[in-house]
1. Within region 395-406, does at least one residue satisfy the condition of being crowded, with 16+ Cβ neighbours inside 10 Å, over 30 Å from residue 333 (Cα atoms) and more than 21 Å from the chain's Cα centre (by Cα)?
2. Restricting to region 491-527, give me the number of residues that are in contact with a helix residue (DSSP H, G or I) (Cβ under 8 Å, 6 or more places away or on another chain) and within 25 Å of residue 537 (Cα to Cα).
3. Quick check on my filter: what residues within region 426-446 are closer than 30 Å to residue 368 by Cβ and surrounded by 16 or more Cβ atoms within 10 Å (Cβ to Cβ)?
4. Please go through region 165-219 and pick out each residue that is in a loop (DSSP other than H, G, I, E, B), without any contact (Cβ under 8 Å) to a residue 40 or more places away in the chain and over 26 Å from the mean Cα position of the chain (by Cα).
5. Among the numbered criteria (1) at pLDDT below 95; (2) within 18 Å of residue 79 (Cα to Cα), which one does residue 5 miss?
6. Confirm whether residue 541 is under 30 Å from residue 498 (Cα atoms) and in contact with a strand residue (DSSP E or B) (Cβ under 6 Å, 6 or more places away or on another chain).
7. Among the residues of region 508-553, how many are surrounded by fewer than 16 Cβ atoms within 10 Å (Cβ to Cβ), farther than 24 Å from residue 33 by Cβ and in contact (Cβ under 8 Å) with a residue 40 or more places away in the chain?
8. Just to check your reading of the model, which residue among 475, 449 is in contact (Cβ under 8 Å) with a residue 40 or more places away in the chain and either buried (at least 16 other Cβ atoms within 10 Å of the Cβ) or over 18 Å from residue 399 (Cβ atoms) (or both)?
């Protein structure tokens, strides 16, 4: 998940927030910003968050500390330099929580509680500390051309002790036990990114151009070891006993990944009357180094040896898009693009991953009617990708690559302010996803013709929000919505490649927000909100990390928030 650090603001900003609710969650946050000097040459932003929370799973916290100072120096209207820093620490449970299908979606065995922890309390956890520093430099030349340089360095320390159901069939033994093993897998990662871009506007006759040139580079270096327990704890699904001492041998995996990338790109966005044409291209050069320093005790059985894989790749990708905007707000468009994404790391057998490549066709219509606050979009598309990373269904914690995956789909979305009081958002997505080619490096039965795991064919959402703007309830807002996620496929058995349909689900959500300033002017800037998801506490599942498994969906969650902004 990408994170965007908040930038300093020219206008004073002061906000504090307190949140509490389900699973004993307590959270406090603050966000301060504004001019640091009277002339506005220096600006600042200080954002922070502290969370102490349990989850629906026993012994699995969701704790977080986040702190992000930022400062901007702008000596004149044409030049600015923003320095961005952040620190984040996240603590979560270390169990994968993949549960047997027999005890969940098939309902042919004793039911497993969604709170059951398949790990070692106080030992199996996932703690990540990440620090980053970077800057954003902008300068506008007298000619109107604009230069921007962004750079960031980050360092992560991952203390990860994972646990998983160790039986090959992930079955409940003797009607109540799941054998659980533990893996120690600490990881350290460093990354550095820099991007330089130059943009400008000019005309060639009746055609207006917005031109962009850029060069960027990136470096990623990570090390990780993995050590499995030599024994397993038989955890009862009815009365779990965690008083068990795990023992460990030598690390069986000791890897290092280095990825270096340089790219040069250009884009021209051309306008002629109501026509809009966008052309862009990018050339990438990548060096991927994978080192596997094995100290396994059964090298002969697995065929593992110390390996070094170095690959140099390059690719040219491009995009073309054409649209026409009618005076009534209707805009049909069509586009085509290609993609290239290097992948760091190796599979279970030590094979380096190939870059993921692909292309996409898309055509659609956007409609933003004049005199009405609304946006309506409809699009059809086909995305074809080669060497797509997916969970290894046999070796937990590892990934494999599907040779080629094709997705054809339809997306519909509507956002509208129906009246001065009512806002509505609706969406629908149809996906026809299919594995069209196997990867020569992949083992097992062919997956050609099967659906990628966890991709629902149909999904839809509807949300409506009503705001009282006058009368005794002025300042109150009420919202409710429904989310539908259709069935998706999961691997049932790897030898035959059989898949099973994981049932879809429908969830009900709601929200309430009240501006306390409408109650008393002395409370101006204060708001109180309640939000709830899965209000009917519906049981649902998503495909697990490996074969014959699913994961419980998030149960009913309700949070209350008190915020004050001045």
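1. Yes, there is a match, as at least one residue in region 395-406 is crowded, with 16+ Cβ neighbours inside 10 Å, over 30 Å from residue 333 (Cα atoms) and more than 21 Å from the chain's Cα centre (by Cα).
2. Count: 1.
3. Let us first name the residues in region 426-446 that are closer than 30 Å to residue 368 by Cβ, namely 426-432.
Answer for region 426-446, where residues must be closer than 30 Å to residue 368 by Cβ and surrounded by 16 or more Cβ atoms within 10 Å (Cβ to Cβ): 426, 427, 428, 429, 430, 431.
4. The initial filter retains those residues of region 165-219 that are in a loop (DSSP other than H, G, I, E, B), namely 166-172, 174-176, 185-186, 205-206.
Within this subset, residues satisfying the condition of being without any contact (Cβ under 8 Å) to a residue 40 or more places away in the chain are 167-168, 174, 186, 205.
Selection gives 167, 168, 174, 205.
5. Only one criterion in (1) at pLDDT below 95; (2) within 18 Å of residue 79 (Cα to Cα) is unmet by residue 5, namely (2).
6. Against the criterion (under 30 Å from residue 498 (Cα atoms) and in contact with a strand residue (DSSP E or B) (Cβ under 6 Å, 6 or more places away or on another chain)), residue 541 qualifies.
7. Going through region 508-553 one residue at a time, the tally reaches 2.
8. Working: 449 fails: in contact (Cβ under 8 Å) with a residue 40 or more places away in the chain.
Unique residue meeting the criteria: 475.
The values are calculated or read from the model by the stated rules, or taken from the named source; none is laboratory data. None of these values were measured; they are calculated from a predicted model. Cβ: placed from backbone, ideal geometry, glycine included. Neighbour counts: every protein chain shown.
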